[in-house]
Every structure is written in C-alpha cells, then in structure tokens.
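What follows is a single structure, written as structure tokens, with notes after it.
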Amino acid sequence: MIAKTTQPPEAARLLAWYDRHHRDLPWRVSPPMRARGIKADPYHVWLSEVMLQQTTVTAVKPYFAKFLALWPTVSDLAAAPTEAVMAAWAGLGYYARARNLKKCAEAVDRDHGGRFPETEAALKSLPGIGDYTAAAVAAIAFDEQAAVMDGNVERVISRYYAISEPLPGSKPAMKAKVAALTPAERPGDFAQAMMDLGATICTPKRPACALCPFRAECRALGESDPELFPVKAAKKDKPVRRAAAFVACSPQGRILLRRRPETGLLGGMTEVPVTHFTSRRDGETSPDAAPFPAAWQPRGTVIHVFTHFELRLDVYGAETPETPLADGWWEPLANLDAQALPSVMKKAIEAAMSRV
DNA sequence: GAGACGTGGAC
DNA sequence: TGTCCAAGTCT
C-alpha cells in the first residue's frame, strides 16, 4: 500500500491558480489536455526550453514554429546541415545554443535511438542542457519530481521568503526551498505555474500582488517591498569597442561574406569582413584593414549592444568586381535571408546599402 | 566562480 | 536615453 502523497499547501494553491490562469503556449500541453491523457512531446519541450534561455516568449514563438516546420522530429534535426540550423537560428542570439542544439540532437539520435533520456541526470549530460533545462524537461515531459529554478522562480521564491542574501550566492538555498515545495503529483505543471506566476504576476517591476495566490503569506509583501527582491550583486559597466565592417557589392548584385570561427562571439555564424573588435573606443577606423583595395566609402556607424560590451561599427561600402578570395564567397543579395547572419551583420549591410 | 555569450522590447 | 532585462550554459 502506497501512502497517499502529501503535498505542500503552496503547491496545491499554485496548481489551482494555474488551472485557471495558465498561459496557452505553442509548446505547452495545458491542464485540460493533460487531464485527457495528452502528454507533452519531449522534443517540443526541449526545443522550447533551449530557445527560451534568456529569451522572451514573444521572440521565441516564430522560431519555434519555423524549427518544427523544418525539422518535425529530433532525428530530422540531427540529420540537418549545421549551416541550415545556424541560418534558422539567426536573430535569436546566444548562438552557442544553436551549435549545442545540433550536437544534442545528434547525441539523442545516435546514443538514445532518437528518444530523449527521461531522467534529470541523463538529460544534464547532453550538450546545452544545464541544471535548469534538465529539470524542466524531466518535470514537464517525464513527470519527474525535479526542482526547476529559473529567473522567474528565483524572483518568486526570494520574495515569498524575503531572502536578503544577494544572487547568485543565494541560489543553493532557494533551490532547496523549491525542492521542498515541488509536489510528487504534477511536478511539470508546478514548474510551469511558478514560471507563469513570475512572468504575469510576480513581475520584476510593479508586481500584481493583489492577484497573487501567495499574497497572504508572502514575506516581502507583508514586511518589505517585493520590488526589492531578488537582491543582486551590482553590475559592472559595459566597455565600448570599435571595429570596421566592409560591405563589398559586385555589379552582379552579390556581396562578399565569410564564416566566423566556430567558437567565441557569433561563433559559426556568417559575417561581412570585419576588423578585430578593438577595446579602444576612440581612434578612427580606416579602410586600410579591408580584405582588398577598393574605393571604400564610409557609410556611417552602427551601434550594437552585446551582453558585455557596446560595439561601434564603422561601415564601409564599395562596388567592386568579384575578386576571387581564399576566404569567403560572393552571395546574391536575394539570398541573404537564407544566410546565418546575426543581427549586427544585417545592420551593417543595411547601413551600407542605404544611400547616405 | 566570474566572465563570455545576443537581441529587441519595455519603461 | 539609459537601464534592465527574458524559461541559462559553458569554461
């Protein structure tokens, strides 16, 4: 006889809130569907979780739809050319995710017969799957009682318990709190409910505490100010770097592109020739560093903000014959949409094409 | 464990 | 306008 599982009162209250107020999302199986026996597709859960890392739901939706249309199963993704995956990911950012996405799909296809492993520990050993994603996929797709903690959960927990220790030092203690709250029944819905609560009620600014199922017990609300949580270490200011980009356009309507190294910033993505991103913010760039001599014309400066520095990219343009080059290729302008061009490179090309 | 790693939207 | 950020992972 199995003892009836007890669950924390917080879990029951949150699940009741979730049943009424959950968001409908393309990768999600809602509570009514789950009640009818519909299960979440591990491939959909994993794909969405990786895309959602540090990325908004709004930004992810069209990419999620595109990936499923191109590669309906994880084995399809494993068989896809890496370049096609990078091109499809272009614009979403954090491109190591796309490189690891492909590696992970290959590992699942090759080592696990095209089925995702079902435990948190096994999932975490796969490329691009860390603490959060392993727990999320295990809980949501496989009903494992895994403690899922992301930025939303950190915010909810830090407020509920009024945790004054700053992040990231407070993470282990918060993870223990989440583990204690996570129920054996519906652990996946519990995780998604915590994240929905953080995204729609317990927001970073101006939280809607009046609508919160935890308003009566929340220590930050009762004793302090929820907006003061979570406490975080002070940020460092962003250095400015400078570089030059060279957009060469041929009379045949093609531009010179090349591929960046596999690792590091924008790793494996396509670019127009650019100089090294120097840390000196002052000092003009010049066409001397261009891939070949041409009548380079300044076409303005693109400002692009990365996570850890701001780039001032001086753009030069020239109309030139299609010089054969060891490094790079000439791509028709009409095909640019199919390239793995990150946003900063699209901005540079756009600047070069528009008449000043 | 601190830094590297994108982007576009909100206030 | 500048700041903060959005379902983190890897080294």
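The values are calculated or read from the model by the stated rules, or taken from the named source; none is laboratory data. Small disclaimer: the values here were computed from a predicted structure and weren't measured. All Cβ positions, even for glycine, are placed from backbone atoms using ideal geometry, and neighbour counts span all protein chains on display.
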For A:Ala351, the lone unmet condition from (1) more than 14 Å from A:Ala90 (Cβ to Cβ); (2) in a loop (DSSP other than H, G, I, E, B); (3) within 28 Å of the chain's Cα centre (by Cα) is (2)
Return the residues of region A:224-238 that are touching a residue at least 40 places away in the same chain (Cβ under 8 Å) and surrounded by 12 or more Cβ atoms within 10 Å (Cβ to Cβ); say none if nothing qualifies. A:Ser224, A:Pro226, A:Phe229, A:Pro230, A:Val231, A:Lys232, A:Lys238
Subset of region A:254-279 that is surrounded by fewer than 22 Cβ atoms within 10 Å (Cβ to Cβ) and of a type in the set (S, T, N, Q) - its residue that is farthest from A:Glu319 (Cα to Cα): A:Thr263
A:Ala318 being surrounded by 15 or more Cβ atoms within 10 Å (Cβ to Cβ), under 23 Å from A:Ala88 (Cα atoms) and of a type in the set (Gly, Ala, Ser): no
When A:Val302 is evaluated against the numbered criteria (1) within 12 Å of DNA strand B (Cβ to nearest atom); (2) closer than 26 Å to A:Val85 by Cα; (3) not charged (D, E, K, R), which criterion, by number, is the only one it fails? (2)
I'd like the residue in region A:239-253 that is within 26 Å of A:Ala96 (Cβ to Cβ) and among the small types (Gly, Ala, Ser) and, out of all such residues, is surrounded by the fewest Cβ atoms within 10 Å (Cβ to Cβ). A:Ala243
For region A:30-73, please list each of the helices (runs of 4 or more DSSP H) lying entirely inside it that holds at least 2 residues being within 13 Å of the chain's Cα centre (by Cα) and surrounded by fewer than 17 Cβ atoms within 10 Å (Cβ to Cβ). A:57-70
Within region A:108-127, count every residue that is within 13 Å of DNA strand C (Cβ to nearest atom), closer than 18 Å to A:Ala78 by Cβ and surrounded by 20 or more Cβ atoms within 10 Å (Cβ to Cβ). 2
Report yes if some residue within region A:336-348 is at pLDDT below 95, surrounded by 16 or more Cβ atoms within 10 Å (Cβ to Cβ) and in contact with a strand residue (DSSP E or B) (Cβ under 9 Å, 6 or more places away or on another chain); otherwise report no. no
Please list, ordered by first then second residue, the pairs with beta carbon atoms under 7 Å, 6 or more apart or interchain, first in region A:59-80 and not assigned by TED's automatic domain parsing to the domain that holds A:His44, second not hydroxyl-bearing (Ser, Thr, Tyr). none
Consider A:Asp189 carefully, then state whether it is acidic (Asp, Glu), out of contact with any strand residue (DSSP E or B) (no Cβ under 9 Å at 6 or more places or on another chain) and farther than 24 Å from A:Thr56 by Cα. no
Among A:Tyr94, A:Tyr132, the single one that is within 11 Å of DNA strand C (Cβ to nearest atom), in a helix (DSSP H, G or I) and either assigned by TED's automatic domain parsing to the domain that holds A:Asp76 or in contact with a Cys (Cβ under 7 Å, 6 or more places away or on another chain) (or both) is A:Tyr132
Tally the residues that are modelled with pLDDT of 95 or more, more than 9 Å from DNA strand C (Cβ to nearest atom) and within 14 Å of A:Pro226 (Cβ to Cβ), restricting the search to region A:164-201. 2
